[in-house]
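As structure tokens, the structure follows; a few thoughts come after it.
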Amino acid sequence: MNTTHAASRTPQQTRSRATRRRLLEAAVECLAELGWNGSTVTVVAERAGVTRGAAQHHFPTREDLFTAAVEHVAAERLAAVRTHSGQLPPAGPARTEAVAEMIVRLYTGPLFRAALHLWVAAATEEPLRERIVALENQVGREAHLAAVEFLGADESVPGVRETVQATLDLARGLGLANLLTDDGPRRAGIVRQWARMLDTVLTGG
């Protein structure tokens, strides 16, 4: 193998990965701030500091770019949650509340706002809809598995699986409520109350 040729490819591959990452992060920022209609490939490329041609080299279509962007950031958020899971309290009510708060944080902030714009666009854009449905199913499964793991939930017990899923659905609803105004104080009280109910189901109390 020509080691010189291989070595010359490495910086190029590194630059390519860096460009792709900048595009993905810029796409999420644009979606969150400008919505679907305002988030063109050109706008994203300008924000990422690359040419439109470079953007289309990585993502041939607009749908490719934005579905990949949301998938990328969702994966990073889940990875971050897993990284911080070691700081959770031991099993018990305090851990249940901490996990519930962690799940709610997944559905607030720029990522959720960006994803919501994609959902709205997907309602009328058929090619985008198929991608978003598949993506949301994937993200939903991963979030559910993480919740079960962190809660130590036994889904063979009647009602546990549905309650864990209801926690994720509640988190989405709280994320929606946070879009227009800071819903933090009200949200904190709801999460505490839900965590008490969730803990009762998990412990069979």
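Quick notes
- With both labels modelled 7 Å from their Cα along Cα-to-Cβ, the residue 162 to residue 129 distance reads 2.9 nm.
- Nearest-0.05 FRET efficiency for residue 190 and residue 119, computed from C-beta distance (R0 25 Å): 0.65
Every number here is computed from the coordinates shown, using simple stated rules; none is lab data. Note that the structure is a prediction, hence the values are computed from the model and not measured. Reconstructed Cβ throughout: ideal geometry from the backbone, glycine too, with neighbour counts over all protein chains shown.
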